[in-house]
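Readers should treat all values here as calculations from the given coordinates under stated rules, not as data from a laboratory. From a predicted model like this one, the values you see are computed outputs, not experimental measurements. Ideal geometry is used to build each Cβ from the backbone, glycine not excepted, and the neighbour counts take in all protein chains shown.
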Amino acid sequence: MKRFLAALVALAALAVPASAYAADKLNVLLEWFVNPDHAPLVVAQQKGYFADAGLEVKLIPPADPSAVPRLVSTGEADIGIHYQPNLYLDTAAGLPLVRFGTLVETPLNTVTVLANGPIKSLKDLRGKKIGFSVSGFEDAMLKRMLAGEGVQLSDVELVNVNFSLSPSLIAGKVDATIGGFRNFELTQMRIEGHEGKAFFPEEHGVPVYDELVFVTRKQLVADPRLPRFLQAVEKAAVYLTNHPDEALGLFLKAYPDLDNELNRKVFVDTLPRLAKRPAALDRTRYQRFGTFMAESGLIPKAPAVDDIAVELK
C-alpha cells in the first residue's frame, strides 16, 4: 500500500505544470531610471520569457546610481546594470564584480555641439568650453579624441554642468558637451528645435566598448539562474529586432508614463545598439579597452580578461 501511495504522489507531481512551482527570484538593479535602454528586460517580462525560464525578475531603479556596483558586490542585488568603463575602475578599487552579459553593445557616449554652430571639427574646440557631468573616464575619452586633432586637454576649459548637458549647450553656456548619449540627447535637442552634431569616440581613437553590461559578484558567477536570465534577455532582443512596433507597445504598456515623443524616438534609435547575443564575450575588445584605461592612467594596469568578464555556458 505504501508503494502504491508513493507512486500516486509521484504521478501527481508530474501532472503539476512547471509554472505552479515558485520561480527563482532575481533582483536586477538598474543603472538609472527605466528607459528604452532596458527594453529587452521589459519585453522579457511582458512576453513571459523570464517566467518560461523559471525566473521571477524584479527591475529596481536605484535611489543612488553611484551605489549600484557596491550594492551588487555586497549581495544586496543579484545583478546590476553597469557601464563597461566603470567596471574597470570598480574592480581596480577592489570591488568583486564581474561582467557576465551585455545589454548595449556599442558606445553611446558622444562629444556634442550645435549643428549650426561654429564647431565643425574637434580641432575647433581649442580654447572653447566643454560641459561635463562626471569626470574620470570622460576626461580620458576626451583627451584621446582631442589628441587625434592635435589639441591637448589643457587647451579646452571643462565646465561641470551637473546633468544639464543639452540645456547648457542650447543656452550657449558651453560650446560642446561630453557625456550625452547619442540615442537620447540628440533626439531631445531635435524635438526642442535644436539640431545637434555628435563626434563619436570610437571614430576618434577610443577603442570600442560595451556601454551597458550585466554584472554580478564573483561568488555568484556559477549560479544557474544567470544563464537562464541571459537566454530570456536574448529571446527578447530577437523579438525586439523582428517586431519593433509590437515591442514598443509592450514597453509603453508596462511604463505608460514614458509614452511621449522623446521615448518613442529613443526606443527606435536604441534598437540597433542592443546586444543580440548578450552572453557572448569579445575578449579582444575587453583586452584592448583595458589597455586604453591603463594608458590613460585611470587604472594601474590592464586586468586579465578572465578577472573582469566571463562568458557563461
>> Below 21 Å, Cα to Cα, which lysines can K276 reach? Residues fewer than 8 away in the same chain don't count.
In response: K47, K235, K265, K313
>> Rg and Dmax in Å for the range 61-162, alpha carbons only: what are they?
In response: 16.8, 49
> Dipole size in debye (nearest 20) for the range 109-203 around its Cα centre, Lys and Arg Cβ +1, Asp and Glu Cβ -1?
Replying inline: 140
> For the range 234-311, with the dipole built from +1 on Lys and Arg beta-carbon atoms and -1 on Asp and Glu ones, taken about the Cα centre, which of P244, V268, I299 lies farthest toward the positive end?
Replying inline: I299
> Binning every alpha carbon pair distance of the range 134-246 at 10 Å from zero, what are the percents per bin?
Replying inline: 11, 30, 28, 22, 10, 0
>> Report the gain in length on full extension from T241 to S164: 0.36 nm times residue separation, minus Cα-Cα distance, nm rounded to one decimal.
In response: 24.5 nm
> Relative contact order (percent) for the range 109-203, with alpha-carbon contacts under 8 angstrom and 6 or more residues of separation?
Replying inline: 46
>> Just to check I understand the Karplus step: with θ = phi - 60° and J = 6.51 cos²θ - 1.76 cosθ + 1.60, what whole-Hz values come out for the range 182-192, glycine and proline as x?
In response: 5, 8, 10, 4, 4, 5, 4, 5, 5, 4, 7
>> Once R0 is set to 45 Å, what does the formula 1/(1 + (r/R0)^6) return for the Cβ-Cβ distance between S121 and K253, expressed as a FRET efficiency to the nearest 0.05?
In response: 0.55
>> Antiparallel versus total DSSP beta bridges in the chain: what percent is that, nearest 5?
In response: 55
> How large is the charge dipole for the range 170-295, taken about the Cα centre, if only the Cβ atoms of Lys, Arg (+1) and Asp, Glu (-1) carry charge, to the nearest 20 debye?
Replying inline: 600
>> Using the crude model of +1 on Lys and Arg Cβ and -1 on Asp and Glu Cβ, and no other charge, please compute the dipole size for the chain relative to its Cα centre, in debye to 20.
In response: 700
>> Can you tally the net charge around K276? Count Lys and Arg as +1, Asp and Glu as -1, for every other residue whose Cβ sits under 14 Å from the Cβ of K276.
In response: -1
> Could you give the radius of gyration (one decimal) and Dmax (whole number) of the Cα atoms in the chain, in Å?
Replying inline: 22.1, 91
> Rounded to the nearest 500, what is the chain's calculated 222 nm mean residue ellipticity when only DSSP H runs of at least 4 contribute -39500 (n - 2.57) each, over all residues?
Replying inline: -11000 deg cm²/dmol
> Taking +1 at the Cβ of each Lys and Arg and -1 at the Cβ of each Asp and Glu, which of S164, V151, G179 sits farthest along the dipole of the range 109-203 towards its positive end, judged by Cα position relative to the Cα centre?
Replying inline: V151
> If you count the DSSP beta bridges with both ends in the range 99-207, what percent of them are antiparallel, to the nearest 5?
Replying inline: 55
